[in-house]
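Take a look at the structure below.
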Amino acid sequence: MMVVAAGSNRIDPYLIPALDGIAYGLLVFVAASGLVFCFGVANILNLAHGMLYAIGGYTAAALFDGGWASLALALTVGVLAAAAAGVLLAGLLAPVAAGNHLSQALLTFGVALAGGSLLVAGFGPDDPQVLVPAALEGSVVVAGHRYAAYRLVFIVVAAVIAAALYLVMRRTRAGMLVRAAVDDPEMVACLGVSPARIRAGVLAAAGALAGAAGVLGAPIIGPGTDTADTVLLLSLVVVVLGGLGSMGGTLLAALAIGEIQTLGVALLPSAAPFLLFAAMAAVLAVRARGLASRWRAA
Amino acid sequence: MRDEVIRRARGAVAALALAGLVVAPWVVDDYTTAILARTLALALVGVSVALLTGVAGMPTLGQTAPYAAGAYACAVVGSQISDVGVVQLAVAAVAGAVLAALTVPLVVHARGVIVLMITLAIGELAVTVLGRWRSVTGGTDGLAGIAAVRPFWGLPVLANDQDRYLYALVVVTVLVGAVLLLLRTRAGLLLRAGRDDETRLRASGHRVPLYLSGAHIAAGAIAGAAGSLLVVAQQYISPADFGFDTSALLLLGVVIGGTASIGGALVGAALVIAVRDWLFGVLPGHAPLVLGVLFVATVYLLPTGVHRARGRWGLPSEPADQPDASPERDQATVPELHR
């Protein structure tokens, strides 16, 4: 009994940060998976991706009042609004020469700048307060520690979203088309599927994922003036570390980033500013060969 | 014959512009002079972006990282070790080059849009570090009250805006001249060749990654030196000077200037920065909105942005949406306007 207590005492202080890391990591995964789609399928560096997340976050702050009905409403509106913004982005990108990455990046940056400004104009310059559902406001006891119930439920919901994403990509026709478009877009076009439609669909799906992450994750990474930048940075790091285009790799990278941002900071507070940088450098150094060939192929 | 005329005309325009810049501080007020000095520093970063994006074919959104490294190194050296401008410039350039050298393994094997992505992550991570490493960088408050600089041992300190501006102008002119000379040598030819047909250059025994690493480190040194000029011009730095929007503005300026043209990059970056400063002056609050719309409009108006798409629009298979678009295409759509 004593031994068990001593053993658990050494792990205990880090249990809560570790759980937080999982919640954070899954949130980043749902946000970053949209960026993976944009990048892998449409070959677009979408710098407005963080803004799509912010749309979801602001929607949650504006519509959500603590009840389940308003949560469903906020989720629907947030997902639809962000997906619509994704379609708008696809429409704006249509006349730009595909493969002209510089123009695409500049255009999406312009949209991010203008969209962020509109969000601030619409919802005010202060970071809005975000509630959690009244039923989940308390805390539950996890291994002798109190832990916010919302985060625990969020972990479950985000895991369900990740699993659903996997199933959609593997089992449905839409998922097959998307994977086919990654492998051989010309062949898909020959089969009679318009690449422009796939691109619009992918940007809409990316917007929907970012919007869902924004609504559900608002209590974790809340809406504010620098939300878009934070989410874009975390998503980019996750996509780069995850091996550019693989969903499994993205999930692993997102969980690693989540743990670094929470557990890493708790373990090594003095090195906190450099942990993300160091993690990126370390992973890239270890996997340099594999990634180098992938990069050249991409 | 026509080329000869164009070359002469371009030389005359450059000389006129330089003369205009030299007399500018006596024509405009002190505030504008200070803004001009800062614009010169940013234009020099634009040159380093053009060197990587246009000449070497590695589009970058991360030159703010060596720029910030140079600026903070210069600020620390300036307040603790030496107030001599040449020393600070050298330290800043070395700091930028070292940071660029550290990130070489991350970017040198990537091409096209992936370089954009990785460099953007590097630049953003650098800003994050600046904001959190309080003991050295002063956190998000930045470093203020940086001592005035003397250009060389024995010279008086630069006490007013005009002197600081002229110092920045001299440094930028010398460094841009050095870059232009360097690009005329074999090194410049090899970089352009690697951009235009990497496979062929590799096949003839050239080590392209080595050249790209060299270009990356050189661009880092230039950006670092520009950071030192920013410290001299502003006497205050904070992470906000090195944000993601700065990288995007510089890239836009470089694209407007013709991507591979050093002179074009100077003009384009200066123009974009001037528009931003002007917008934030006349439209406080709505400047980002207008700036964003200007970004979109510029992309549509650029000859390389939409025009090419129209040419390709009729193609049945729409090679457009290939995710594995070869790096050659990336460069092919960004032709040099000012060769």
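Quick one: how many residues across the range B:129-149 are over 14 Å from B:Ala73 (Cβ atoms), open to solvent by 60 Å² or more (accessible area, probe 1.4 Å) and within 14 Å of another protein chain (Cβ to nearest Cβ)?
4
Might you check whether a residue that is over 24 Å from A:Ala48 (Cβ atoms) and part of a helix (DSSP H, G or I) occurs anywhere in the range B:233-243? Spell out the reasoning first.
Applying the first criterion (over 24 Å from A:Ala48 (Cβ atoms)) to the range B:233-243 yields B:233-238.
Then keep just the ones that are part of a helix (DSSP H, G or I); that gives B:233-234.
Checked against the condition, which is being over 24 Å from A:Ala48 (Cβ atoms) and part of a helix (DSSP H, G or I), the range B:233-243 yields at least one hit.
Exactly one of (1) open to solvent by less than 80 Å² (accessible area, probe 1.4 Å); (2) touching a residue at least 12 places away in the same chain (Cβ under 8 Å) is unmet by B:Asp163. Its number?
The number of the failed condition is (2).
With respect to B:Thr33, is the statement that it is surrounded by fewer than 23 Cβ atoms within 10 Å (Cβ to Cβ) and not in a loop (DSSP other than H, G, I, E, B) true?
yes
Name the pairs: first residue in the range B:1-20 and aliphatic (A, V, I, L, M) and at pLDDT 85 or above, second residue open to solvent by less than 80 Å² (accessible area, probe 1.4 Å) and part of a helix (DSSP H, G or I), Cβ to Cβ under 8 Å, at least 6 apart or on different chains?
B:Ala14/B:Gly263; B:Leu18/B:Thr173
Yes or no, residue by residue, for (1) in contact with a strand residue (DSSP E or B) (Cβ under 9 Å, 6 or more places away or on another chain); (2) over 26 Å from A:Asn100 (Cβ atoms):
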position	(1), (2)
B:Gln63	no, no
B:Tyr72	yes, yes
B:Val76	yes, yes
B:Ser79	yes, yes
B:Val87	no, yes
B:Ala93	no, yes
B:Val98	no, yes
B:Met117	no, no
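With respect to A:Leu35, determine if the residue is at pLDDT 85 or above, outside any helix (DSSP H, G or I) and within 14 Å of chain B (Cβ to nearest Cβ).
When the stated conditions are applied, A:Leu35 does not pass them.
Of all residues in the range B:269-298 being of a type in the set (Phe, Trp, Tyr) and closer than 25 Å to B:Ser48 by Cα, which is nearest to the other protein chains (Cβ to nearest Cβ)? Full working, then the answer.
Taking the range B:269-298 first, the residues of a type in the set (Phe, Trp, Tyr) are B:278, B:280, B:295.
Checking which are closer than 25 Å to B:Ser48 by Cα leaves us with B:278, B:295.
Details: B:Trp278: 16, B:Phe295: 3 Å.
In this case the residue turns out to be B:Phe295.
Take the range A:103-149 and flag every residue that is away from chain B (no Cβ under 14 Å), of a type in the set (Gly, Ala, Ser) and touching a residue at least 24 places away in the same chain (Cβ under 8 Å).
Once the filter is applied, which keeps residues that are away from chain B (no Cβ under 14 Å), of a type in the set (Gly, Ala, Ser) and touching a residue at least 24 places away in the same chain (Cβ under 8 Å), the range A:103-149 yields A:Ala134, A:Ala135, A:Ala143, A:Gly144.
Residues in the range B:88-128 that are touching a residue at least 40 places away in the same chain (Cβ under 8 Å), at the interface with another protein chain (Cβ under 9 Å from one of its Cβ atoms) and of a type in the set (S, T, N, Q): how many?
Final tally of qualifying residues: 1.
Quick one: in the range B:45-97, of everything that is among the polar types (S, T, N, Q) and not in a helix (DSSP H, G or I), which residue is farthest from the chain's Cα centre (by Cα)?
B:Ser82
Anything in the range A:52-100 that is of a type outside the set (S, T, N, Q), in contact with a helix residue (DSSP H, G or I) (Cβ under 8 Å, 6 or more places away or on another chain) and outside any helix (DSSP H, G or I)? List them, or say none.
Hits for the range A:52-100 are A:Phe64, A:Gly66, A:Gly67, A:Ala94, A:Pro95, A:Val96, A:Ala97, A:Ala98, A:Gly99.
Hand me the list of helices (runs of 4 or more DSSP H) wholly inside the range A:180-289 holding 1 or more residues that are without any contact (Cβ under 8 Å) to a residue 40 or more places away in the chain, more than 12 Å from every other protein chain (Cβ to nearest Cβ) and open to solvent by less than 30 Å² (accessible area, probe 1.4 Å).
Working: elements: A:185-190, A:195-216, A:227-241, A:247-259.
Correct list: A:247-259.
What residue, of B:Leu210, B:Leu266, is open to solvent by 20 Å² or more (accessible area, probe 1.4 Å), assigned to a helix (DSSP H, G or I) and without any contact (Cβ under 8 Å) to a residue 40 or more places away in the chain?
Among B:Leu210, B:Leu266, only B:Leu210 is open to solvent by 20 Å² or more (accessible area, probe 1.4 Å), assigned to a helix (DSSP H, G or I) and without any contact (Cβ under 8 Å) to a residue 40 or more places away in the chain.
State which residue pairs qualify: first residue free of Cβ contacts under 8 Å to residues at least 12 places away in the same chain and inside the range A:61-80, second residue in a helix (DSSP H, G or I) in any location, beta carbons under 8 Å apart, and separation of 6 or more residues or different chains.
A:Ser70/A:Leu63; A:Leu73/A:Leu63
Got at least one residue in the range B:131-139 being assigned to a helix (DSSP H, G or I) and aliphatic (A, V, I, L, M)?
yes
Could we say that B:Ala71 is open to solvent by less than 20 Å² (accessible area, probe 1.4 Å) and hydrophobic (A, V, I, L, M, F, W, C) here?
On the way: open to solvent by less than 20 Å² (accessible area, probe 1.4 Å): yes; hydrophobic (A, V, I, L, M, F, W, C): yes.
Here the answer is yes, as B:Ala71 does meet what is asked.
Report, by residue number, each residue of the range B:177-192 that is crowded, with 19+ Cβ neighbours inside 10 Å and within 28 Å of B:Gln234 (Cβ to Cβ).
Answer for the range B:177-192, where residues must be crowded, with 19+ Cβ neighbours inside 10 Å and within 28 Å of B:Gln234 (Cβ to Cβ): just B:Val179.
Considering only residues of the range A:152-179 that are open to solvent by 70 Å² or more (accessible area, probe 1.4 Å) and out of contact with any helix residue (DSSP H, G or I) (no Cβ under 9 Å at 6 or more places or on another chain), which is farthest from the other protein chains (Cβ to nearest Cβ)?
The residue in question is A:Val156.
Within the range B:99-107, is there a residue that is within 22 Å of A:Ser270 (Cβ to Cβ), of a type in the set (A, V, I, L, M, F, W, C) and open to solvent by less than 60 Å² (accessible area, probe 1.4 Å)?
Keep residues of the range B:99-107 that are within 22 Å of A:Ser270 (Cβ to Cβ), which gives B:99, B:102.
With of a type in the set (A, V, I, L, M, F, W, C) added as a condition, the list becomes B:99, B:102.
From the residues that got through so far, the ones that are open to solvent by less than 60 Å² (accessible area, probe 1.4 Å) too are B:99.
Yes, some residue in the range B:99-107 is within 22 Å of A:Ser270 (Cβ to Cβ), of a type in the set (A, V, I, L, M, F, W, C) and open to solvent by less than 60 Å² (accessible area, probe 1.4 Å).
In the range A:101-141, how many residues are loosely packed, with under 13 Cβ neighbours inside 10 Å and part of a loop (DSSP other than H, G, I, E, B)?
Residues in the range A:101-141 being loosely packed, with under 13 Cβ neighbours inside 10 Å and part of a loop (DSSP other than H, G, I, E, B): 6 in total.
Given the residues B:Val157, B:Val171, which is the only one that is crowded, with 20+ Cβ neighbours inside 10 Å, more than 13 Å from chain A (Cβ to nearest Cβ) and either touching a residue at least 40 places away in the same chain (Cβ under 8 Å) or closer than 27 Å to B:Leu266 by Cβ (or both)? I'd like the intermediate steps shown before the answer.
Numbers: B:Val157 fails: crowded, with 20+ Cβ neighbours inside 10 Å.
That would be B:Val171, the only listed residue that is crowded, with 20+ Cβ neighbours inside 10 Å, more than 13 Å from chain A (Cβ to nearest Cβ) and either touching a residue at least 40 places away in the same chain (Cβ under 8 Å) or closer than 27 Å to B:Leu266 by Cβ (or both).
Just a yes or no: is a residue in the range A:142-151 out of contact with any Leu (no Cβ under 9 Å at 6 or more places or on another chain) and either open to solvent by less than 30 Å² (accessible area, probe 1.4 Å) or modelled with pLDDT under 80 (or both)?
In the first step, residues of the range A:142-151 are kept if they are out of contact with any Leu (no Cβ under 9 Å at 6 or more places or on another chain); the result is A:146.
Narrowing further to those that are either open to solvent by less than 30 Å² (accessible area, probe 1.4 Å) or modelled with pLDDT under 80 (or both): A:146.
Yes.
Among A:Gly50, A:Gly67, A:Gly78, which is the only one that is within 10 Å of chain B (Cβ to nearest Cβ) and either closer than 19 Å to A:Val153 by Cα or within 18 Å of the chain's Cα centre (by Cα) (or both)?
A:Gly50
Kindly indicate which of A:Phe64, A:Phe29 is crowded, with 20+ Cβ neighbours inside 10 Å and under 24 Å from B:Leu61 (Cβ atoms).
Checking each option against the conditions leaves just A:Phe29.
Find the residue count for the range A:84-101, including only residues that are closer than 20 Å to B:Pro288 by Cα and at the interface with chain B (Cβ under 7 Å from one of its Cβ atoms).
1
I'd like to know if the range B:314-336 contains one or more residues that are of a type outside the set (Gly, Ala, Ser) and at pLDDT 75 or above.
No - not one qualifying residue is present in the range B:314-336.
The values are calculated or read from the model by the stated rules, or taken from the named source; none is laboratory data. Since we're looking at a predicted model, the values are computed, not measured. All Cβ positions, glycine included, derive from the backbone under ideal geometry; neighbour counts span all protein chains shown. The area values use the complete protein model at the heavy-atom level, side chains included, leaving out ligands, DNA and RNA. Shrake-Rupley method; radii C 1.70, N 1.55, O 1.52, S 1.80 Å.
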